[in-house]
1. Being under 26 Å from residue 5 (Cβ atoms) and more than 22 Å from the chain's Cα centre (by Cα) is the filter here; which residues of the range 232-260 pass it?
2. Could you identify the single residue in 314, 257 that is in the same structural domain as residue 172 (by TED's automatic domain parsing), touching a strand residue (DSSP E or B) at 6+ places or on another chain (Cβ under 9 Å) and within 21 Å of residue 52 (Cα to Cα)?
3. From the list 193, 203, pick out the single residue that is without any contact (Cβ under 8 Å) to a residue 60 or more places away in the chain, buried (at least 21 other Cβ atoms within 10 Å of the Cβ) and within 15 Å of residue 5 (Cα to Cα).
4. Being within 21 Å of the chain's Cα centre (by Cα) and surrounded by fewer than 21 Cβ atoms within 10 Å (Cβ to Cβ) narrows it down to one of 52, 104, so name that one.
5. Which of the residues spanning the range 303-329 are out of contact with any helix residue (DSSP H, G or I) (no Cβ under 6 Å at 6 or more places or on another chain), assigned to a loop (DSSP other than H, G, I, E, B) and under 19 Å from residue 171 (Cα atoms)?
6. With respect to residue 300, determine if the residue is more than 24 Å from residue 151 (Cβ to Cβ) and at pLDDT below 95.
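The values are calculated or read from the model by the stated rules, or taken from the named source; none is laboratory data. Being a predicted model, the structure only gives us computed values, none of them experimental. All Cβ positions, even for glycine, are placed from backbone atoms using ideal geometry, and neighbour counts span all protein chains on display.
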């Protein structure tokens, strides 16, 4: 068997860059056919790119938003100090409002704004301060993805057939990579994940590139696969994890978690850098409801009848009783001891 390889979406620094006042974002909508970058030259262009799903996933879009604030710092730097601070606060609000469910964007933007305002007060370059901060966040996020994936790989067994929904990001790639390196024979079953087809376009292509046999199924097939005994593990990421163990992820995650529980299949959540300290319960997770017309289309082609209504909640919430384990960069936790994450030591592996 050939040595596994890590594909492009594994390293965020390869897909998102800040260069001389331009935020370059890999357009995930164009994958896997094309590798195309979208160049954003204002914070509003970054905000629109986030809304338009150019970049997806809670950590990556948070990093993009942070770079967007750096663009605002550059854009407004000739203003008097008071107006400059107000303009940055406005940019901060607009960027925060782009995607409400993923929790990473809020603390990252809050900290970036604080750093920018401190730089202004001290006569330093606010743009440079924000860029340096976001660069460091990306490095930390890549490390969390790698370690989370490594811990999850240890839970996989030789012969596992793993169901996944949407694209679980870099941690999924690392999980598959480390499992193959350990000599485990595993297979991946990916849902298509309508309406943006992240599973079909991103998950399936990345798994194939890593070297894992992957089977694509439509979003309404997993019940039958569970019934047939064709799934031995269920793995997703999480856009938000509450302190009491509720998991918010791409719409559809919950129904598969119920099926996994019914058929005795472990549900492993790739938890990256742990639970959200500001979200105690499911009531603290706002669920983004996107334009309902998006469900009428598939990659720009209308597939629905005219004269009907649509509804598109982009995320759902899985209660803790359906979650088996949460793999983070600090180790493995259950929903019932998740608060122990904050007392766990930082991993030595850099």
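1. Within the range 232-260, 232 is the sole residue that qualifies.
2. Numbers: 257 fails: within 21 Å of residue 52 (Cα to Cα).
Unique residue meeting the criteria: 314.
3. Values: 193 fails: within 15 Å of residue 5 (Cα to Cα).
The match here is 203.
4. 52
5. Across the range 303-329, the qualifying residues are 323, 324.
6. Judged against the criteria, residue 300 is a match.
Quick grid of which residues meet (1) in contact with a strand residue (DSSP E or B) (Cβ under 7 Å, 6 or more places away or on another chain); (2) closer than 23 Å to residue 299 by Cβ; (3) touching a residue at least 12 places away in the same chain (Cβ under 8 Å):
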{"position": "26", "(1), (2), (3)": "yes, yes, yes"}
{"position": "34", "(1), (2), (3)": "no, yes, no"}
{"position": "37", "(1), (2), (3)": "yes, yes, yes"}
{"position": "54", "(1), (2), (3)": "yes, yes, yes"}
{"position": "63", "(1), (2), (3)": "yes, no, yes"}
{"position": "69", "(1), (2), (3)": "no, no, yes"}
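To keep it simple, each residue is scored yes or no on (1) without any contact (Cβ under 8 Å) to a residue 40 or more places away in the chain; (2) part of a helix (DSSP H, G or I); (3) assigned by TED's automatic domain parsing to the domain that holds residue 215.
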residue: 116; (1), (2), (3): no, yes, no
residue: 132; (1), (2), (3): yes, yes, no
residue: 157; (1), (2), (3): no, no, yes
residue: 167; (1), (2), (3): no, no, yes
